[in-house]
Amino acid sequence: DAGITQSPRHKVTETGTPVTLRCHQTENHRYMYWYRQDPGHGLRLIHYSYGVKDTDKGEVSDGYSVSRSKTEDFLLTLESATSSQTSVYFCATKKSEGGETDTQYFGPGTRLTVL
Amino acid sequence: DAKTTQPPSMDCAEGRAANLPCNHSTISGNEYVYWYRQIHSQGPQYIIHGLKNNETNEMASLIITEDRKSSTLILPHATLRDTAVYYCIVRVAQGAQKLVFGQGTRLTINP
């Protein structure tokens with residue numbers, strides 16, 4: 001769906017190190033999202049983008065930053081990883097808004113472990 | 001977005017139709033019904049959505065009651081690969097809103 005790839009798929013890192021996760025899409029979708037999924041919390045939105053260089057915060061944005069310099073790439077950066085950021089991270093994209101195009105498609109996920 | 005209610009779990013025999021209900025009694029006139037599923041360790045997968053009319057695609061059928069207060073997702077010939085958590089989401093189709101996933105229904109397809 002929407003040709004979404006995420007890299008890396010798995011990563012183990014140590015507390016205090018910077019980490020960047022990449023989401024790449026091939027469908028020229030306008031919107032891109034980063035969610036995290038943890039047991040007991042479901043999917044929670046971290047940040048989203050509504051165009052190149054246009055981003056906004058979600059409900060759990062503390063400790064995360066994002067960048068979108070090209071339509072196809074949306075980067076999520078943990079400036080200084082903490083153990084509480086151990087999670088599975090999903091990227092999603094949406095073509096546009098309204099009616100039939102307002103559907104989010106998800107990537108395969110990145111499993112991040114912070115020791 | 002309107003609140004949805006789904007049974008926590010269901011079982012279905014392989015090859016039979018799986019019918020997953022969703023109650024959304026507070027749905028507004030401009031809110032769509034979306035269905036997603038999540039197979040273990042994978043990203044959520046879009047299945048189908050609808051506004052008022054029943055919808056069908058290659059994966060499933062969506063039946064929405066006339067008053068729009070409930071809907072049913074139908075997997076016509078369930079296979080073991082359909083074992084997953086199924087989420088019913090009601091939302092307005094505009095803006096950059098996040099998707100809000102509730103607890104969903106854990107569907108187990110038995111051989």
Worksheet item: In square angstrom, what is the accessible area per residue of the protein assembly as shown with a 1.4 angstrom probe?
Response: 48
Worksheet entry | Cysteines without a disulfide-compatible partner [chain B; Cβ-Cβ under 4.7 Å] | B:C12
Fill in: Rounded, prolate or oblate (a/c below 1.5 giving rounded, otherwise prolate when a/b exceeds b/c) for region B:39-103 by Cα gyration tensor
oblate
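Considering the convex hull of the alpha carbon atoms of chain B, report its projected area averaged over all viewing directions, in nm², one decimal.
Average of the hull's projected areas for chain B equals 6.6 nm².
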Item to complete: Determine the alpha carbon to alpha carbon distance for each of B:K3/B:K69; A:K70/A:K94; A:K11/A:K94; A:K94/B:K98; A:K11/A:K53 and list only those over 18 Å.
Response: A:K11/A:K94; A:K11/A:K53
Worksheet item: Taking N as the number of residues in chain A, what value does Rg over Cα atoms divided by 2.2 N^0.38 Å take?
Response: 1.00
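Could you compute the net charge surrounding A:P8? Neighbours are other residues with a C-beta less than 11 Å from the C-beta of A:P8; K and R count +1, D and E count -1.
Spelling it out: positives minus negatives among the neighbours equals +4.
Run the dipole for the protein assembly as shown about the Cα centre, Lys and Arg Cβ at +1, Asp and Glu Cβ at -1, nothing else charged, and hand back the magnitude in debye, nearest 20.
260
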Worksheet item: For region A:32-97, how big is the tail of P(r) above 15 Å, as a whole percent of Cα pairs?
Response: 49
Practice prompt. Could you name every residue in region B:38-58 that has 30 Å² or more less accessible surface in the full protein assembly than in its own chain alone (probe 1.4 Å, ligands and nucleic acids excluded)?
Written response: B:Q38, B:S41, B:G43, B:P44, B:Y46, B:H49
Item to complete: Report, by chain and number, residues whose modeled amide H sits under 5 Å from the one on A:T86, excluding near sequence neighbours (fewer than 5 apart, same chain).
Response: A:V114
Worksheet item: For region A:36-115, what relative contact order do you get, as a whole percent, if you take Cα pairs closer than 8 Å and at least 6 residues apart?
Response: 23
Worksheet item: Hey, how many Å between the Cα centroid of region A:62-115 and the Cα centroid of region B:1-57?
Response: 24
Worksheet entry | Residue-count net charge about A:V52 - beta-carbon cut-off 13 Å; Lys, Arg +1, Asp, Glu -1 | +1
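Nearest 100 Å² is fine: what is the total accessible surface buried where chains B and A meet, probe 1.4 Å?
The buried area between B and A, both sides summed, comes to about 1600 Å².
The values are calculated or read from the model by the stated rules, or taken from the named source; none is laboratory data. Model, not experiment: these values are computed from the prediction. Every residue, glycine as well, gets a Cβ built from its backbone with ideal geometry; the counts of neighbours run over all protein chains shown. Accessible surface areas use protein heavy atoms only, side chains included; no ligands, DNA or RNA. Shrake-Rupley method; radii C 1.70, N 1.55, O 1.52, S 1.80 Å.
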